[in-house]
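Let me begin by presenting the structure, written as structure tokens, before commenting on it.
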Amino acid sequence: MRETTKSKLMAVSTATLTTVLFKHGFRNTFIGGIHRINAGDKPNMVGPAYTLRYIPAREDLDHLGVFEDRSHPQRKGIEECPAGAVFMIDSRRNASAASAGNILVTRLWKRGCAGIVTDGGFRDTPEIAAMPFPAYHAQPAAPTNLIKHHAVDLNLPIACGEVSVYPGDIIVGDGEGVVVIPAKIADDIADEAFEQTAFEDFVQEQVMAGKSIFGIYPPSPEAKEEFARWRTANKR
């Protein structure tokens, strides 16, 4: 991912990205039913996906002793997720037990990762909410992951919120949710979304001034000329 791609993705919304992806034929890219725990006016989360997959837990395999094994996929993944990557967890949309908790999320933060996402839930959410580290989930889940989840795979394709996530896909999160961008088209999507954002800022300004959306959104030839002048004046 180019640095210019990352900077552009930091400046656009997931709403705009889903529209641009739709233009390219991609419909199922938005992970619904989750939200950022530490919400507010925060920068976008942007980074390549590093994945963990859970299957349903089984009593003879999932007990507290498994964490003594350094090859346990959840713990191994926390220590190996690359700096700048987003740790993506497939929890089968099951938020009755935690996908992870405050200590593991802190470790990702301190290792320089870009964020963490699950279609399940996290525990220790008051502590996570106070961290300057993007964390997305469906709802709080106090019970340990071992009650419901068995960690099986690292950095293989997963489903998160019924969206396919392949290792290396570019993940973008904002106040509305999380979008998955296939890595091979991420540069083009970022360029188009950045252009569309500038145009929509122009349209918003026109509508705020009392103008009708007709002839502006989508633009007529005259509106395109007006947008070009606006862009020059506003150095966009």
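The values are calculated or read from the model by the stated rules, or taken from the named source; none is laboratory data. Everything quoted here is computed from the prediction, not taken from an experiment. Reconstructed Cβ throughout: ideal geometry from the backbone, glycine too, with neighbour counts over all protein chains shown. Protein only, heavy atoms only, side chains kept; ligands, DNA and RNA dropped before computing areas. Shrake-Rupley method; radii C 1.70, N 1.55, O 1.52, S 1.80 Å.
How much length would be gained if the chain were fully extended between Asp69 and Ile147, taking 0.36 nm per residue of separation minus their Cα-Cα distance, in nm to one decimal?
26.3 nm
Could you tell me what fraction of 2.2 N^0.38 Å the Cα radius of gyration of segment 194-236 comes to, as a two-decimal ratio?
That works out to 1.03 for segment 194-236.
If you take the beta carbon distance between Asp201 and Phe22 as r and set R0 to 22 Å, what does 1/(1 + (r/R0)^6) give as a FRET efficiency, to the nearest 0.05? Kindly include the intermediate steps, with their values, before the conclusion.
Details: r = 20 Å, r/R0 = 0.92.
The value I calculate is 0.65.
Note down the magnitude of the dipole of segment 64-176 about its Cα centre, charges +1 on Lys and Arg C-beta and -1 on Asp and Glu C-beta and zero elsewhere, to the nearest 20 debye.
So the magnitude is around 300 debye.
Quick one: Debye curve from the alpha-carbon atoms of segment 133-180 only, equal weights, vacuum; give me log10 I(q)/I(0) at q = 0.27, 0.30 Å⁻¹ to two decimals.
-1.22, -1.21
First compute the accessible area of the chain with a 1.4 Å probe, then give the percent of it belonging to carbon and sulfur atoms.
54
For segment 90-155, place one equal point scatterer on every Cα, skip the solvent, and apply the Debye formula. What is log10 of I(q)/I(0) at q = 0.23, 0.26 Å⁻¹?
-0.96, -1.18
Limiting things to C-alpha atoms, what are the Rg and the maximum Cα-Cα separation (Dmax) for segment 164-236, in angstroms?
In Å, with Rg to one decimal and Dmax whole: 15.7, 46.
If the convex hull of the alpha-carbon atoms of the chain is projected onto planes in all directions, what is the mean projected area in square nanometres?
About 13.9 nm², averaged over all directions.
Give me the three principal axis extents of segment 80-213 from the C-alpha atoms, as integers in angstrom, largest value leading.
Its Cα atoms span 56, 33, 28 Å along the three principal axes.
Which number do you get for Rg(Cα) / (2.2 N^0.38 Å) in segment 1-117?
Normalised Rg, Cα atoms only: 1.22.
Compute the accessible area per residue over segment 1-87, keeping the other protein chains in place, probe 1.4 Å, unit Å².
54
Remind me, relative contact order of segment 1-130 in percent, using alpha carbon pairs under 8 angstrom and six or more residues apart?
With pairs under 8 Å counted, the relative contact order is 25 percent.
Using protein chains only and a probe of 1.4 angstrom, how many square angstrom of Thr18 are accessible, to the nearest 10?
Per-residue accessible area (Thr18): approximately 40 Å².
For the pair Glu222 and Asn38, what calculated FRET efficiency results from E = 1/(1 + (r/R0)^6), where r is the Cβ-Cβ distance and R0 = 35 Å, to the nearest 0.05?
Details: r = 44 Å, r/R0 = 1.26.
With a Förster radius of 35 Å, E is 0.20.
What value, in deg cm²/dmol to 500, does the helix sum -39500 (n - 2.57) over DSSP H runs of n ≥ 4 give at 222 nm once divided by the residues of the chain?
When only DSSP H runs of four or more count, the value is -9500 deg cm²/dmol.
Please tell me the relative contact order of the chain in percent, rounded to the nearest whole number, where contacts are Cα pairs under 8 Å and at least six residues apart.
It comes to 29 percent, rounded to a whole number.
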